[in-house]
Amino acid sequence: MMKTFSYFYLFAMLMFVRFEVQAAAFQQEQQTAETGDIILKPSPRSENAVFKKNEQIVYNLRVENNTNAFTTGHISYVVTTDDGKKVSVDSIQLAIKGSSTKDYLVKIAPKATGFYRVNFIINSAEYDDTVRRVFGVDPQEIRSQLHKPADFDAFWKQSREQLEKIAPRYRVLERKDLSTDKKRVYAVEMHSFDNVVVRGWLVIPRDGKKFPVHYRVPGYVVSLNPNMDNDDFIAFDLNVRGNGNSKDVINIGTDNYCLVNVEDKNKYVYRGVYMDCIRGLDFLCSHEDLGIDTSKIFVEGGSQGGALALVTAALDRRVKVLTIQVPLYADIHDNMAISASYDKQVFPFKVFRRYNSIHPGFTWDKFFSTFDYYDPQNFAPLVKCPVLMGIGLLDQFCPPRCSMALFNHISSDNKEYVCVPNSTHEVNMNYFMFQNLWLREKFRIP
């Protein structure tokens, strides 16, 4: 009987990814709402809205007329590239009886490799509405330029050396008030880069055997709490500096967190954050006596956590499996170009552009001279372990092209991705059900 990664765990993981967006207070427009007098429901012929270069793009458009009136007009569909360049425009006639449903078929000519926005627009005498969707074409062939500084490897080698000079001074305190008859909960504390104290939670099943580890790193200014839903894994949740119960030194809110020392690559907040994630591995590997199987550590994260998880796997081979969702900051150069085409700015460039506008001496060249050391894409070629990535095709924070560019730079020959067509900055339950099976196969868990 499969007990690990129960449906409660899957639900919790889904809520974690959704909570991250709310906690960050960056509300991305939800484009999947289905309300109104006339409802348009586009469904791609390809289940995950991914097509091949020589394949016609086909959508079924289901129209629901919730009025009593016979309605006529037309449905336009406008296709643009993911950075807003118009590719094609066409339309079909609309004629539907009151209180009825009708299906229409839309065929779009084959497209080149990439991601495309398609807006379906209903126009009638009484009603106008737009439904936005995104489809991909051979995304596994997307290629992007690596903007990797010449001293990138040396910079991170030096960062690791500085971390190693910091005595971790681990503290592990059992929290009996949080523990259960099946799980022991421990509050964990350690000293990390620049001698900053970071904290986390360790949850260990009580049945006494050795367990693989689910190591989770946090989303953007998100608080991770003890994970009680794993029976076949030890759960280790680390709150890096500025997140959760590790806010002693940095506690400045969502708008400013990613800007801390952004003009200095040596002092930028994410240098310490990335090293916090490595220190978390140090902790796990120095506490095998707690039943930790250090040969079976998988790291996971969503959004900022997706970036942190990938960087951790890139810098440290002690990570044996990597799972990421909607990885933040990936391919930051193309992210900037794509975000410039949005009607309304969203995180992260909403924050970066505001900073740029009020700091006249802060040029974009200066920004990239720092951020190129931190772009997860530049770490991707260092990842050798098995990888699973999930993305939402309507995500504006982490555009699909940027996520797939990062994925395609990963060196592992054992990697898979899942596209969720109608999700924004999140994946869905089906993704986590697949991840459950994928992980069990990788770790040979019955």
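The values are calculated or read from the model by the stated rules, or taken from the named source; none is laboratory data. Please read these numbers as outputs of a predicted model, since none were measured by experiment. Virtual Cβ from ideal backbone geometry, glycine too; neighbours counted across all protein chains shown. Note: areas computed on protein heavy atoms with side chains; ligands, DNA, RNA excluded. Shrake-Rupley method; radii C 1.70, N 1.55, O 1.52, S 1.80 Å.
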Please compare each pair in Lys86/Lys442; Lys111/Lys157; Lys176/Lys384; Lys176/Lys247; Lys210/Lys267 to a cut-off of 31 Å on the Cα-Cα distance and tell me which ones are over it. Lys86/Lys442; Lys111/Lys157; Lys176/Lys384; Lys210/Lys267
Distance from region 352-390 to region 215-290 (C-alpha centre basis), Å: 18
Semi-axes of region 259-362's equivalent ellipsoid from the Cα gyration tensor, sqrt of 5 times each eigenvalue, largest first, rounded to whole Å? 33, 16, 9
Quickly estimate the mean residue ellipticity at 222 nm for the chain, helices only: each DSSP H run with n ≥ 4 gives -39500 (n - 2.57), and the total goes over all residues, rounded to 500. -8000 deg cm²/dmol
accessible surface per residue for region 286-372, probe 1.4 Å, DNA/RNA/ligands not counted, whole Å² -> 33
Reference-scaled alpha-carbon Rg (2.2 N^0.38 Å with N residues) for region 77-217: 1.94
Multiplying the sequence separation of Asp129 and Glu288 by 0.36 nm and subtracting their Cα-Cα distance, what value in nm do you get? 51.4 nm
Heavy-atom surface of region 87-137, accessible at 1.4 Å and reported per residue (Å²): 48
Please state, as a whole number in µm²/s, the translational diffusion coefficient that the Stokes-Einstein equation yields for region 146-199 at 10 °C and 1.306 mPa s, with Rh defined as the Kirkwood radius across alpha carbon pairs. 115
Please report the antiparallel percentage of DSSP beta bridges with both residues in the chain, rounded to the nearest 5. 70
Those residues of region 187-230 whose amide nitrogen sits under 18 Å from the label point placed on Asp181, 7 Å along Cα→Cβ: 204-208, 229
Expressed as a percent, the accessible surface of the chain that is carbon or sulfur, using a 1.4 Å probe and the full set of protein chains, is 49
For the chain, which DSSP H helices look membrane-span-like by this rule: Cα extent along the axis of 15 Å or more and mean Kyte-Doolittle of at least -0.5? 7-24, 269-285, 304-315
Keeping every protein chain in place, order Glu300, Glu164, Glu64 by accessible area at 1.4 Å, biggest value first, i.e. largest first. Glu164, Glu64, Glu300
Given q = 0.10, 0.11, 0.14 Å⁻¹, what are the Debye log10 I(q)/I(0) values for the chain, with equal point scatterers placed on the Cα positions and solvent ignored? -0.74, -0.87, -1.28
Surrounding charge for Asn414, neighbours by C-beta under 14 angstrom, Lys/Arg +1, Asp/Glu -1, total +1
